[in-house]
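Down below is the structure, laid out as structure tokens.
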Amino acid sequence: MDNRIIELLEQQEGRYLSGEVLSQDLNISRTAVWKHIKKLEAMGYQIEASRRLGYRLLGKPSKLTMPELLDKLRGTSFVPSIKLLDSVDSTQNVAQRLAEEGAPEGTLVIAEQQTSGRGRMGRNWVSPSGKGVWMSMVLRPGIPLQFAPQLTLLAAVALCRALKSIAPLDIGIKWPNDLLIGGKKISGILLESTAEDERLRYVVAGIGISVNLEEADYPQELLEIATSLRIVLGRPVERSEVIAAFIVQFEQLYTVYHKEGFTPIRTLWEALAITLHKPARLTTPSGVVEGMPIGLDDRGALLVQCSDGSVVPVFSADISFPSANR
Ligand code: BTN
């Protein structure tokens, strides 16, 4: 009922909608409409009421709300439940706990703020309140542990397609799964796996998207290398829309992956990658590899052609581009 009221008010684009029309559409009395309006106001919606003209929507809550999320996720059945938190150390920790307790695939943990958000390679992930999408999703892909990198790449393709579906962004993937706009990072993905007998028990896919951060939200050292949708587009973006766009894309690609394997995902990833065919330096856990990244192999490893002609598969590394300053 609340969702329908918001939908109807939104359709008016700031104009009034009479209590009479609302009560007819919802098939409830005008007093009941008024009670729902009061409830929506308590949830953070700004609604102006006029005896003569009815109601008009002036503003939406800056916080994510369950009704809004459920409404935006109506088109997908991938998410069986959502845990929406105000502040948490890391959504990864909560999702891992839920996964251990048997949470089904697609379970989503979203937080307004993370106090110890973590990134790849033990880095920190800046997660200020209400500004971004900080979420973790439980996956139970039932694949061998060695194929886990494929899911990282799949998530990057899904996120890239999702952001492109929201605005015509010139966005590309830096191996393995950073999304960059104009050379600056806009999102990061962290997959943490738990395996038994070389099979994945579950994976927690952590997604961080800098949606509405402003320059003042970044520590000085990140300003040069990070950006947000708001900075790039010059307008705020609804976080629930970003979440839903990602889930829709992820579900599609995950279905393809289960039916057809990694090959179609690899093709999509390579088409969106902006870091292939440029001389690179990869710092792996077992040493430095220098050469030309030329594509992915069947397992999801990055293939790097070295100066002696050999091709080395790299699964995990920090990548830099000495000549391109990226
Ligand atoms: C990276 O690029 O280094 C990966 C960043 C991943 C950040 C997300 S935010 C939600 C989830 N919770 C975390 O603590 N990290 C991931």
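The values are calculated or read from the model by the stated rules, or taken from the named source; none is laboratory data. In this text, all values refer to a predicted model and were calculated from it rather than measured experimentally. Neighbour counts run over all protein chains shown; Cβ positions are idealised from the backbone, glycine included.
Just one of the numbered conditions (1) farther than 19 Å from A162 by Cβ; (2) part of a helix (DSSP H, G or I); (3) touching a helix residue (DSSP H, G or I) at 6+ places or on another chain (Cβ under 9 Å) is not true of M121: (3). Would you confirm, using the coordinates I've provided, whether W134 is among the aromatic types (F, W, Y), within 12 Å of the ligand (Cβ to nearest atom), touching a Leu at 6+ places or on another chain (Cβ under 9 Å) and on the phi < 0 side of the Ramachandran plot? When the stated conditions are applied, W134 does not pass them.
One line per residue, one yes/no per condition, for (1) within 24 Å of E260 (Cα to Cα); (2) within 14 Å of the ligand (Cβ to nearest atom):
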{"residue": "L159", "(1), (2)": "yes, yes"}
{"residue": "I166", "(1), (2)": "no, no"}
{"residue": "I171", "(1), (2)": "no, no"}
{"residue": "K174", "(1), (2)": "no, yes"}
{"residue": "E198", "(1), (2)": "yes, no"}
{"residue": "E224", "(1), (2)": "no, no"}
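Here's a check for you: in the range 200-222, which residue that is aliphatic (A, V, I, L, M) and away from the ligand (no atom under 15 Å from the Cβ) is farthest from V109 (Cα to Cα)? Filtering the range 200-222 for residues that are aliphatic (A, V, I, L, M) and away from the ligand (no atom under 15 Å from the Cβ), the one farthest from V109 (Cα to Cα) comes out as A216. Taken over the range 176-191, the criterion of being within 10 Å of the ligand (Cβ to nearest atom) and touching a residue at least 24 places away in the same chain (Cβ under 8 Å) is satisfied by P176, N177, K185, S187, G188, I189, L190, L191. The residues of the range 254-276 that are buried (at least 19 other Cβ atoms within 10 Å of the Cβ), touching a Lys or Arg at 6+ places or on another chain (Cβ under 9 Å) and either assigned to a helix (DSSP H, G or I) or free of Cβ contacts under 8 Å to residues at least 24 places away in the same chain (or both) amount to a single one, L268. For the range 23-33, taking the residues that are of a type outside the set (V, I, T) and farther than 13 Å from M1 by Cβ, the one that is surrounded by the fewest Cβ atoms within 10 Å (Cβ to Cβ) is identified as Q24.
Do the conditions hold for E100, that is, is it among the acidic types (D, E), closer than 28 Å to R299 by Cα and in contact with a strand residue (DSSP E or B) (Cβ under 9 Å, 6 or more places away or on another chain)? The answer is yes for E100.
Scanning the range 167-200 for residues that are closer than 17 Å to V211 by Cβ and of a type in the set (S, T, N, Q) returns a single hit, S187. Out of all the residues in the range 85-98, is one or more modelled with pLDDT under 95 and part of a loop (DSSP other than H, G, I, E, B)? Scanning the range 85-98, I find no residue that is modelled with pLDDT under 95 and part of a loop (DSSP other than H, G, I, E, B), so the answer is no.
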